[in-house]
Amino acid sequence: MFKHFQKGNAIKSLIFFALIFYFGKVFDPYNQGQLSVVLIYFIGILSITLLTGLSGQISLGQGALMAVGGYTCALVVLNLGLSYWQSIIISAVVSLIAGWLLGITAARLSGPYLAGTTLVIALAIPSLATRFESVFGGDVGLSVDFGNPPEWLSGAIGEIGYEQWQLFAILPFATIALFLALNIFKSRTGRSWRAVRDHEIAASLTGINVQRVKIFTFVVASGFAGLAGAMYGLRGIVGPSVYPVSLSLALLTGAILGGLRSIAGAFFGAALVVFLPDLIDKITGGWELAPQVGDYLPAMVSGILLILTVVLNPAGIAGALHHHKPRHK
Amino acid sequence: MEQFLSAVFAGTASGSIYALVALGLVLVWRGAGVINFAQMGQAMFSTYVASTMIINGYSYWIAFFVALAVGTALGTAVDLLVMRPLSGKRSSAMLASPAMRGTVPVIASLGILGILQAAAGMIWAAEERGFPAPVNTLGLTIGGTVMPFTAFDLFVIGIVLVTLIITTIFFQKTGMGLAMRASALNPEVARLSGIRTSSVRTLSWAISGAASSLAGLLVTPNTNLSPNTLDLILIIGFTATVIGGLDSLPGGVLGGFILGLVISFVNVYSSPSDIFLAILALLLIVLLVRPQGILGSKEARRV
């Protein structure tokens, strides 16, 4: 992954960092919070982009791996008293191990088998929290946060609000995730994943160990998901209700809508999933809809968008934008 | 002993419902190569229709058959509106590889599930409501002693058995059933011998829709009805099909009964919160020990 360090990827990641930092300065607190969620979803969706888009394995359970990251982070913060960023790194590492265990099983499965199994995992993992209530805090969960902004930062850029500090704490990790994903996409590793996706037998004939690649993909993707999950929990609470099955499905929806095979698409998808309810609210604000219609409108719209994308425009937003350019397939 | 017996009966009754769900899943898998994650969404929708009719004074049985018709119509609509256009896109870059051909319809079915749940939420305000059973759901009393099963349990088991017998006769004795088996076995050869495979596909979606809406009608008296209540039933049904073998109808039915008993015993002897873990453990054991399922054939695991 790192052998093929490319200057272009570093520059892209830095531009990303600067842009989000700028938006973090100009947005109001509510949208700063929303932007934090976009970054977290972005990392979560990247795990699907790598897993499904690049290597062709579906997972409906990335939310469960986010839960692994979140609970690890909370337990480390509460029991070992480490700082938030140390805990985030530990959570990502623990998720890598969880992904390895999952990958050993998952590498034997494909298509609908994999989809169903990961879905069952997404349901079962949160119920562990109520099963072992004394450790995981049951239905209520464990409460954690990012703490206060360090003084050198507020000294450098002035007063930092609560939501703003969350955003600025998440941003470096999102940038690193972006940088790693960009490198994987263009590296030999990424090409071998694509080969496995497109034709397993042909891939194995070129000397690729298909099983090992599949497991490795799961490991890497779980690292991303765990990273996202740790920060998702650090926004306040780590509990079963924070990582429901619908979280896994929201991530998948974002991945498809944005473009399953594109890193930019992962960001578009994250932004779309997070801001869609606000957008619909703004559009329908004057229409006096019955409350239950308004409540379910975002779910309805994203369901319709999902089907339209799959049937009419499988490459998603990113694919539609790049239609005229030759693409990496 | 009494606890044991009541677990067995409750497990058999719910197992027969899971068998129906599994039947619907296997039908579509064999007929169209898709695992339909929207299946219980369709069932939820048709059960809401039945519930609304009953609230408005129609009899249970009229509502019952209307719900089956709605389920059939939904199954047909899913195939005609989404799955058929999707399978026409086989040459597109996204669907070019076998791995993605298995994956993309799953995603489409999740979209359909989302739409159905949102629609039900909008129309029926998403409040949880009960759904009536046609017979008593309290313990049956024979000669003064309370039996470990209810009249409704017997009703469920009976109606599911009848359905299974009809399905078996349909597949073994009728020309249409033969055409469906042929298309599932080898679509190319079936087409060459004059079977309209696309109509056969739609038919399997329709029958699956009817079977799952029947499952919805039978399970909701015990679970209540809300846009999301049947999600769990789908998960259980899916696990049942994997345990029994995705391409085997008897396997799916067998898996349904196994799962019904396992869940019932977990419920009685442990706690309901362990159900998911039990399902996951069962699923993983089967996938690791016998990935094609108990009655599934080896090549059915399309790689």
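The values are calculated or read from the model by the stated rules, or taken from the named source; none is laboratory data. Worth saying up front: this structure is predicted, and the values here are computed from it rather than measured. Heads up, the Cβs are rebuilt from the backbone with ideal geometry, glycines too, and the neighbour counts pull from every protein chain shown. We work out accessible area using only protein heavy atoms, side chains counted, and drop any ligands, DNA or RNA first. Shrake-Rupley method; radii C 1.70, N 1.55, O 1.52, S 1.80 Å.
Show the residue pairs that are 6+ apart or on different chains and have beta-carbon atoms under 6 Å apart, the first residue being within segment A:29-57 and within 11 Å of chain B (Cβ to nearest Cβ) and surrounded by fewer than 24 Cβ atoms within 10 Å (Cβ to Cβ), the second being at pLDDT 95 or above and not in a helix (DSSP H, G or I).
none
Look at B:SER204 and say whether it is assigned to a helix (DSSP H, G or I), small (Gly, Ala, Ser) and closer than 30 Å to B:VAL49 by Cα.
Numbers: assigned to a helix (DSSP H, G or I): yes; small (Gly, Ala, Ser): yes; closer than 30 Å to B:VAL49 by Cα: yes.
Here the answer is yes, as B:SER204 does meet what is asked.
Restricting to segment B:230-265, what's the tally of residues that are within 14 Å of chain A (Cβ to nearest Cβ) and in a loop (DSSP other than H, G, I, E, B)?
4
Tally up the residues in segment B:128-187 that are at positive phi and open to solvent by less than 80 Å² (accessible area, probe 1.4 Å), please.
If we filter segment B:128-187 for residues that are at positive phi, which is where we start, we get B:143-144.
Cutting the leftovers down to open to solvent by less than 80 Å² (accessible area, probe 1.4 Å) gives us B:144.
Adding up the residues that qualify gives 1.
Considering every residue within segment A:246-255, establish whether at least one is within 15 Å of the chain's Cα centre (by Cα), crowded, with 20+ Cβ neighbours inside 10 Å, among the hydrophobic types (A, V, I, L, M, F, W, C) and away from every other protein chain (no Cβ under 14 Å). Don't jump to the end; show me each part of the working.
Keep residues of segment A:246-255 that are within 15 Å of the chain's Cα centre (by Cα), which gives A:246-255.
If we keep only those that are crowded, with 20+ Cβ neighbours inside 10 Å too, we end up with A:247-255.
Still in the list and also among the hydrophobic types (A, V, I, L, M, F, W, C): A:247, A:249-252, A:255.
Among the residues that remain, those that are also away from every other protein chain (no Cβ under 14 Å) are: none.
No, segment A:246-255 contains no residue that is within 15 Å of the chain's Cα centre (by Cα), crowded, with 20+ Cβ neighbours inside 10 Å, among the hydrophobic types (A, V, I, L, M, F, W, C) and away from every other protein chain (no Cβ under 14 Å).
I'd like the full set of residues that are touching a residue at least 60 places away in the same chain (Cβ under 8 Å) and among the polar types (S, T, N, Q), limited to segment B:169-206.
B:SER183, B:SER198, B:THR202, B:SER204
Provide a single number: the residues in segment A:194-245 that are within 15 Å of A:ILE48 (Cβ to Cβ) and free of Cβ contacts under 8 Å to residues at least 12 places away in the same chain.
Matching residues across segment A:194-245 total 0.
The rows are residues; the columns are (1) touching a Phe, Trp or Tyr at 6+ places or on another chain (Cβ under 8 Å); (2) at positive phi; (3) modelled with pLDDT under 90.
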| site | (1), (2), (3) |
| --- | --- |
| B:ALA43 | no, no, no |
| B:ILE54 | yes, no, no |
| B:ALA77 | no, no, no |
| B:ARG84 | no, no, yes |
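Look through segment B:268-277, keep the residues that are open to solvent by 30 Å² or more (accessible area, probe 1.4 Å) and touching a helix residue (DSSP H, G or I) at 6+ places or on another chain (Cβ under 7 Å), and return whichever of them is nearest to B:SER14 (Cα to Cα). So that I can check it myself, show each step before the final result.
First, the residues of segment B:268-277 that are open to solvent by 30 Å² or more (accessible area, probe 1.4 Å): B:268-273, B:276-277.
Then keep just the ones that are touching a helix residue (DSSP H, G or I) at 6+ places or on another chain (Cβ under 7 Å); that gives B:268, B:273, B:276-277.
On the way: B:VAL268: 14, B:SER273: 17, B:PHE276: 16, B:LEU277: 18 Å.
Looking at residues that are open to solvent by 30 Å² or more (accessible area, probe 1.4 Å) and touching a helix residue (DSSP H, G or I) at 6+ places or on another chain (Cβ under 7 Å), I get B:VAL268.
Condition check ((1) under 19 Å from the mean Cα position of the chain (by Cα); (2) buried (at least 21 other Cβ atoms within 10 Å of the Cβ); (3) of a type outside the set (Phe, Trp, Tyr)) across all residues:
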position: A:GLY103; (1), (2), (3): yes, yes, yes
position: A:ALA107; (1), (2), (3): no, no, yes
position: A:PRO112; (1), (2), (3): no, yes, yes
position: A:ALA115; (1), (2), (3): yes, yes, yes
position: A:ILE121; (1), (2), (3): yes, yes, yes
position: A:ILE125; (1), (2), (3): yes, yes, yes
position: A:ARG131; (1), (2), (3): no, no, yes
position: A:VAL135; (1), (2), (3): no, no, yes
position: A:SER143; (1), (2), (3): no, no, yes
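Go through segment A:145-172 and report how many residues are within 25 Å of the chain's Cα centre (by Cα) and not aliphatic (A, V, I, L, M). Walk me through how you get there before you give the answer.
At the first step, the residues of segment A:145-172 found to be within 25 Å of the chain's Cα centre (by Cα) are A:145-149, A:161-172.
With the extra rule that they be not aliphatic (A, V, I, L, M), the set shrinks to A:145-149, A:161-166, A:168, A:172.
So the count comes out to 13.
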